[in-house]
1. Place the peptides 10-18, 91-99, 77-85 in order of packing, highest mean first, counting for every residue the other Cβ atoms within 10 Å and averaging per peptide.
2. Straight-line reach only, C-alpha to C-alpha below 16 angstrom: list the lysines that K78 could link to, leaving out same-chain residues fewer than 8 apart.
3. Could you report the chain's accessible area per residue, 1.4 Å probe, as an integer in Å²?
4. With the dipole of the chain worked out from charges on the C-beta (+1 for Lys and Arg, -1 for Asp and Glu) around the Cα centre, which of I17, F80, V98 lies farthest toward the positive end?
5. Given the DSSP H assignment, sum -39500 (n - 2.57) over each helix run of at least 4 residues in the chain and divide by its residue total; what's the result at 222 nm in deg cm²/dmol, nearest 500?
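The values are calculated or read from the model by the stated rules, or taken from the named source; none is laboratory data. Just so we're clear, the structure is a prediction, and the values are computed from it rather than from any experiment. Positions of Cβ are backbone-derived with ideal geometry, glycine not excepted, and every protein chain shown enters the neighbour counts. Accessible surface areas use protein heavy atoms only, side chains included; no ligands, DNA or RNA. Shrake-Rupley method; radii C 1.70, N 1.55, O 1.52, S 1.80 Å.
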Amino acid sequence: MSNEIRTLVTIITEASIEKTLAREIEGLGAKGYTISDARGKGARGSRSAEWDYDGNIRIEVVCSREVGDKLEAHLQGKYFDNFAMIIYSHDVNVLRSVKF
């Protein structure tokens, strides 16, 4: 197996929009994603995740650069003004690249 370059897009946002984001991520061409709980403090204050919809989630998507660009543009345009959300991305080496 050889390594290939893909893009890892990481989204940290409010748990209340998890189901909607999951549908949109797939709709934009991603083959999958990983979601986990996230806690921390930022510009909008501390997020303790004591309630199911009060906390933050981290969504990680390994995809092509093209899909990553579409995903970032869509989320920025739709969510940045009204939701606590940050997005960052970088290239990663992956094995079994056909899965992404």
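1. The packing order, highest mean first, is 10-18, 77-85, 91-99.
2. K19, K70
3. 64
4. The Cα lying farthest towards the positive end belongs to V98.
5. Theoretical 222 nm ellipticity from helices: -8000 deg cm²/dmol.
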